[in-house]
Amino acid sequence: MTQNKILTPFYYLAGAKTLIIGILFLAITTLLSYFSFCRFDGLIDIHFSKPIYFPFTRFLLDQIIGWLLTCIFFCLGFLFCGAGRWPRAIDLLGTTIFARIPLVIAPLMAFIFPNLIPTNVTPSNLLNIDFGKILMLALISIVGTILHIILLYNAYKVCFNLTGTKLKLSFILIIVLGEILTKIPIIYQLLF
């Protein structure tokens, strides 16, 4: 079976290489997020806001917490499956941070085109908003999120050596429960 190197890079890359590349992109994504008011406050969430001052550390913590929670949820999903094998920590950390690379697309677009996000939306100026630009940014963000989920799936598959129904069901469970758990206000207050 031929592998698509873009969607399944973990058959070719792992360990320290993915970790270093992932950390580099995490830093770039964090910087772009800070300057474009783009938040990643969950496993797969992307939010744009009007210019409100948040310290740089908030944007950095969004990235790091999202990455580490993914690792934790992957381990819990593996325990739920009861099959496969435990990965090396560097492979788990490297592949999951590498899977975040497509998330750079959204804050990059918002940084390059800062007027895409309306800042003073009121009922009186609602008709003046260019919804075409907002739709373009939304579609680009959705593509980045889909690529992120595909890479996460492949990272989970390769790291834990899972296949079949256990892989698919546990991955879906990880994403759904992970999103729910990152939205519980108590956890949100503690982590963010």
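Each row is one residue, and each column tells you yes or no for (1) at pLDDT below 85; (2) among the β-branched types (Val, Ile, Thr).
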position	(1), (2)
THR30	no, yes
PHE48	yes, no
CYS71	no, no
ASP91	no, no
ALA99	no, no
PRO107	no, no
PHE111	no, no
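Filtering the range 1-42 to residues that are loosely packed, with under 13 Cβ neighbours inside 10 Å, in a loop (DSSP other than H, G, I, E, B) and in contact (Cβ under 8 Å) with a residue 12 or more places away in the chain leaves only LEU7. Scanning the range 174-187 for residues that are touching a helix residue (DSSP H, G or I) at 6+ places or on another chain (Cβ under 9 Å) and at pLDDT 90 or above gives ILE174, ILE175. Looking only at the range 85-110, residues that are small (Gly, Ala, Ser), in a helix (DSSP H, G or I) and surrounded by 22 or more Cβ atoms within 10 Å (Cβ to Cβ) come to 3 in all. Is there a residue in the range 65-72 that is farther than 15 Å from ILE97 by Cβ and either in a strand (DSSP E or B) or touching a residue at least 40 places away in the same chain (Cβ under 8 Å) (or both)? Within the range 65-72 (the criterion being farther than 15 Å from ILE97 by Cβ and either in a strand (DSSP E or B) or touching a residue at least 40 places away in the same chain (Cβ under 8 Å) (or both)), the answer is no, since none of the residues qualifies. Across the range 118-173, the qualifying residues are those that are surrounded by fewer than 17 Cβ atoms within 10 Å (Cβ to Cβ) and of a type in the set (Gly, Ala, Ser), and the one among them that is modelled with the lowest pLDDT is SER124. Taking the range 50-64 as the range and being closer than 23 Å to ILE149 by Cβ and either in contact with an Asp or Glu (Cβ under 7 Å, 6 or more places away or on another chain) or assigned to a loop (DSSP other than H, G, I, E, B) (or both) as the test, only ASP62 passes.
The values are calculated or read from the model by the stated rules, or taken from the named source; none is laboratory data. Everything numeric here is computed off the predicted structure, so don't read it as measured data. Every residue, glycine among them, receives a Cβ derived from its backbone with ideal geometry; neighbour counts consider all protein chains shown.
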